[in-house]
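Participant: I'd like to ask some things about the structure below.
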Amino acid sequence: MIPRSPLDDPGNAAYAWARYKRLMRFMLGVTVAVIIVAMALLYRNNGFVSIHFYIATALGIGFAMLLMSALMGLVFLSSGTGHDDAIIDPLEDEQDDKKD
């Protein structure tokens, strides 16, 4: 029988997703700040090169940072709620046999 995940409980799931959304709002703010600093440094060092250069740089930094924070946030959500422990490990019996 498959064990129940703690995320199956609506209360636990609501709390976990609220924490995830709070983390993502924080990371959005950090990402915007990093983009502003990067644009200022690029303009100070290079002057006005091309608007396309600045747009591509801002989109690249923003996409990369938000994707990484979203994926890491999901890892934290899964681990923090105990969802990772609610699995059937087919290799668990083999590991127990090796210890004996």
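Participant: Once R0 is set to 22 Å, what does the formula 1/(1 + (r/R0)^6) return for the Cβ-Cβ distance between Phe26 and Thr57, expressed as a FRET efficiency to the nearest 0.05?
Facilitator: Between Phe26 and Thr57 the formula returns 0.45.
Participant: Right, another one. Sorted from largest down, give the three principal axis spans of the alpha carbons of region 27-82, whole angstrom values.
Facilitator: 50, 16, 13 Å, listed from the longest principal axis down.
Participant: Can you work out the FRET efficiency for the pair Met68 and Asn46, with r the C-beta to C-beta distance and R0 = 30 Å, to the nearest 0.05?
Facilitator: According to the calculation, E is roughly 0.70.
Participant: To continue, here is another question. Roughly speaking, what is the stretch gain from Tyr15 to Leu91, that is 0.36 nm per residue apart minus the C-alpha to C-alpha distance, in nm to one decimal? Walk me through the numbers on the way to the answer.
Facilitator: On the way: separation 76, 0.36 × 76 = 27.36 nm, distance 3.19 nm.
So the chain would gain 24.2 nm between Tyr15 and Leu91.
Values in this text are rule-based calculations from the coordinates and carry no lab data. Just so it is clear, the model here is predicted, and its values are computed rather than measured. Quick reminder, even Gly has a Cβ in these numbers, built from the backbone with ideal geometry, and neighbours come from all protein chains shown.
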